[in-house]
Each structure stands twice: as C-alpha cells, then as structure tokens.
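**Q** So that we are looking at the same thing, I have put the structure below in structure tokens.
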Amino acid sequence: SSSIMSQRTERRGIHVDQSDLLCKKGCGYYGNAAWQGLCSKCWREEYQRVRQKQIQDDWALAEKLQREEEEAYASSHAVHSQSPAGHASLAPFSKFEEKKTNEKTRKVTTVKKFFSPSSRTASKKETQDGKTPSPSISRHASFDTDQVSKDFVEFLKNLHKPGREIHKQCRAFLVNMSSKKDLSADELSECVQDFYQSLADRLMSHFKGSSESVEQVMDQVEKYIMTRLYKSVFCPETTDDEKKDLSTQKRIRALHWVTIQMLCVSMDEEIPEVSENVVKAITDIIEMDSKRVPRDKLACITRCSKHIFSAIRITKNEPASADDFLPALIYIVLKANPPRLQSNIQYITRFCNPSRLMTGEDGYYFTNLCCAVAFIEKLDAQSLNLSPEEFERYMSGQASPRFSNSEGEWADGAQGVGVTNPVLAQLNHNLELLSGLCRQQEAVMEAAQSLQADLLSWSEGVQREVQGILEKYPLEIKPSKVSAIDANNVDNENLPSPIKPQVFAG
C-alpha cells in the first residue's frame, strides 16, 4: 500500500517546490500569482515602473503630435512665419504642460496628498463645517465599526502625542478615500498601500527601528481603516471578482467526485482526531468570508492550515512535510467550497499590510492557498493520474470513480464490481454501525422488559406465598395472665429467683 502511494506521489501533478513560492526576482519574500509571481514590494516597483513608462510614452506621443501640428501650421502660413511660429512654439509647450499636470493629478504615488490641507474636497468641507468630516456621515455606522473606532482610540492613547498624530492622519486618509469612489480596485489598492508604507516609515523613525512596535501599530491601523472601507472596496463593481467567484464555485462543484485517494492526501479520516481536524479546517476556511479585516482573514487561513498539518501528523505519526500540505489543502478547499473565495483572496492581496504577505507563516499559508486555487482551476486528468477519457466521464457525470484499497487501482463506477466509492463505503460503514447499534438497543430493551416481567412475577409469587402462610397459620393474640395492676403489686419476694435482688454484706 505504501509503495503504491509512493508511486502515485511520484506520478501526480499536484506538486510545487518551495522555491516556486518565493518571489521570481529572488528577493527572498513570498510571491503571489496575482502579482505574476512577484512579492508585494517588487510588484509595486514593477507596477510603478510600467506606469511611469506609459506616462512617458504618452508625453512623447503628445509631443510628436504637437510637433507635427506645428510643422503643418508653419508650412500652411509661410507668409506669416515669424509671428505664428512664435505662437506655435508656445502652443505645444502649453499643451504639454497641461497634459503633464493632468497626469500628475491622476497619479497617486505618495501619501502627502492625503494629508494636504489644500485638497479641494477637504478644504471645501473645512470651510463649510469648520472641521474635517467623518467619512461615515452619509451612512449610519454599524456597531462593529463603532467598536473598532473606540478600540483604536483606546490603543492610541498609550502612544500619547504620536497616537494623536496617527489618528489624525488616518481620519484624513479616510476622508480623502471617500472622494475616490470612482477609482479602480488597483488604484484604491495603491492608495492604501502607499498610506501603509508612508506611515510605517514614520513609525520606524519614531520607534527607532523597532519593527515589532511598528507591526503592532500597523495592525491596529489596518483594522481601523479596512473596517471602515470594507463595504466600498470588497468585491467592487469595477472588477470581475464576482464573476471569478462564480466560476471558481462552479468549478469546485464540478469536481465533487474527486476523492482523497486521487489527490494522494496523507489523511485518514476514519481516525476520530483526524476527522475532527478536517472539520475544523473546513470551518475556518469558510469563516474567512465573515471577517472584515485582511489580517483576520489571514488568521482563518492560518488556523485552517495548522489543522491540516495536525491531521497529517496524526495520520503519519510524524511531522507533516510541505509536499503533503498542498494536496491536503486542495482537498479541504474542494470539500468546503468557500464562499466568495476569489474576492477574499483579491481583498487580502490588495489591502493587507504587505509585510504579512511577504514573510512569516501567514504569508506562507496564503501563498499556498493561492497555489491551491490555481491548481483547482487547472486540475486535469494527469494531475489525478487518470486517462483523459476517465476524467471527462467523471466531469460529465456519466460515471463515478471507484477505488480499491487492496489493489490501489481505479475503475469506473458503472463497470466496477465489488468495489465501492470511498465516500459511499464510509457512508455504508456508518449505516452498518447505526444498524448494529439499533439491534443492540432492541436486545437491551427486550432484556429490560423481560427483567421487568420477572420482577413483577416474583413479587406476585412472594405475595401469594405470604398470603397462603397467613391463611394456613392465622395469627392469634392471647391475653396476658398477669394484669398490669397485679404486676405493680407484686413484691420482691414473689419475683423469680434469677432476677431476685441479692444483698451482700459489707
């Protein structure tokens, strides 16, 4: 059995080297499929470089068009070559400057704009109200949002003056974000990530390089900001996140027939502790959708992954390896079919504190989840050690897979004889156990009823015997020969000798 499993492990397509989880640029941080295999830091640098190049290309194209326009204008007004030429030379420069200004206005590359009092929206509202308004004015804040705000203020009180400055910057950032609802998801993500980076840099100088203190503050900042922005930035209408959610959900439903043996997962669900960990892992991955803060969603993924490692360790009676983890994670995702899986992954990717995704166990488990989803989307016959014909029959529902534990071979459900699907086999096993328990319960009830009848019969028999004895030997009460009065008058001389008082000489 173990040799068969090892052969399957060698042949299976579900495998990823640990080096594949790292950034393609070799910086040592974890990469992500959403960032084309780069880490958050390298992706932002690449994104900004490509965007800057695009802006420069746009400027170059504008200058070229303006030069062509200038040449055409000069050639068509050769008679007035000096004056128009002077105006023509100013025209492209003014247009170029106008385009350059517009591009700079659309760019959001630093956080200074978020805190600038000269912002049109902020200054207009400040002149009207005399203070910076809260972004939640247009809607009634929920209880959770209010509680998070109170907790954030309480946390910042311990920081004294820096805490007040952090709160001021966060409020200014939220006000600025409330006026950017028309931005795309990537642009919103860039705004949030720029704010994280700027604030983290300031905190590093304040805490004198203490990364632990900075992370503690940034976790609270992320919780406060993303709780308030959640409704507007999670699965926004400007993206196709919802479409991807439905596609992934449909794909997982179509793969309902995939068994734990096909994925070569080292988990034995017949062991109670393993089954319990599997249920907890499924619960955690489903619970991810109910969280608002990216860090809390990551925590659900981490808990799920730890339960998977525990299940593997209990099954193998040894520590689980990374090669065992990914197939098990795929199996859990297939069984759970988490709601809005793609939206949650995109939300974490866009708005989580990047340091959590680049390093640590949270980043490692999240990268593996992204790999698992990618494998599920591309799962084919070769990955499951099946022929293309078998895979198509299972996907179409024409046949169901069956597995033989004794021989380790797969067979069609419609053709296999004496071989059962592992899931159905477990179901039949459980039904047999229940039937056995029912039979035992019936036997116990019959024995109890028989004992009750025996007790009643014994009690009645004893009563009959007692009654017969009483009838045969009736009880007679005879009067006493010595009346009570005579007994009081009897002197000591008449008492029987054994109890007669004795007088002894001194």
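**Q** In whole Å and largest first, what semi-axes does the C-alpha gyration tensor of the range 308-382 yield when each eigenvalue is scaled by 5 and square-rooted?
**A** Ellipsoid half-lengths, sorted descending, are 22, 18, 11 Å.
**Q** Compute the length gained on full extension between Cys27 and Leu246: take 0.36 nm times their separation in residues and subtract their Cα-Cα distance, giving the result in nm to one decimal.
**A** 75.4 nm
**Q** So if each residue of separation counts as 0.36 nm, and I subtract the Cα-Cα distance between Thr238 and Asp144, what length gain in nm does that give?
**A** Length gained between Thr238 and Asp144: 31.2 nm.
**Q** Same structure again: Please give the charge dipole size of the range 189-341, origin at the Cα centre, charges +1 on K and R Cβ atoms and -1 on D and E Cβ atoms. Round to the nearest 20 debye.
**A** 360 debye
**Q** Among 466-476, 257-267, what's the highest-first ranking by average C-beta atoms within 10 angstrom per residue?
**A** Output ranking for 466-476, 257-267: 257-267, 466-476.
**Q** Can I ask one more? Above 19 angstrom, tally the Cα pairs of the range 229-339 and express them as a % of all pairs, no decimals.
**A** Within the range 229-339, distances greater than 19 Å cover 50 percent of Cα pairs.
**Q** Within the range 160-265, count lysine pairs with alpha carbon atoms under 23 angstrom apart where the residues are 8 or more positions apart or belong to different chains.
**A** Taking the Cα cut-off of 23 Å, the pair count is 16.
**Q** Given labels modelled 7 Å from the Cα in the Cβ direction, how far is it in nm from Ser459 to Lys208?
**A** A separation of 8.6 nm, rounded to one decimal place.
**Q** Further, regarding this structure: If you count only protein heavy atoms and use a 1.4 Å probe, how large is the accessible surface of Tyr224, to the nearest 10 Å²?
**A** Taking all protein chains as shown, Tyr224 has close to 10 Å².
The values are calculated or read from the model by the stated rules, or taken from the named source; none is laboratory data. Not measured: the values here are computed from a predicted model. FYI the Cβ positions are ideal-geometry reconstructions off the backbone, even for glycines, and counts take in every protein chain you see. To get the accessible areas, we keep the full protein, side chains included, count just its heavy atoms, and leave off ligands, DNA and RNA. Shrake-Rupley method; radii C 1.70, N 1.55, O 1.52, S 1.80 Å.
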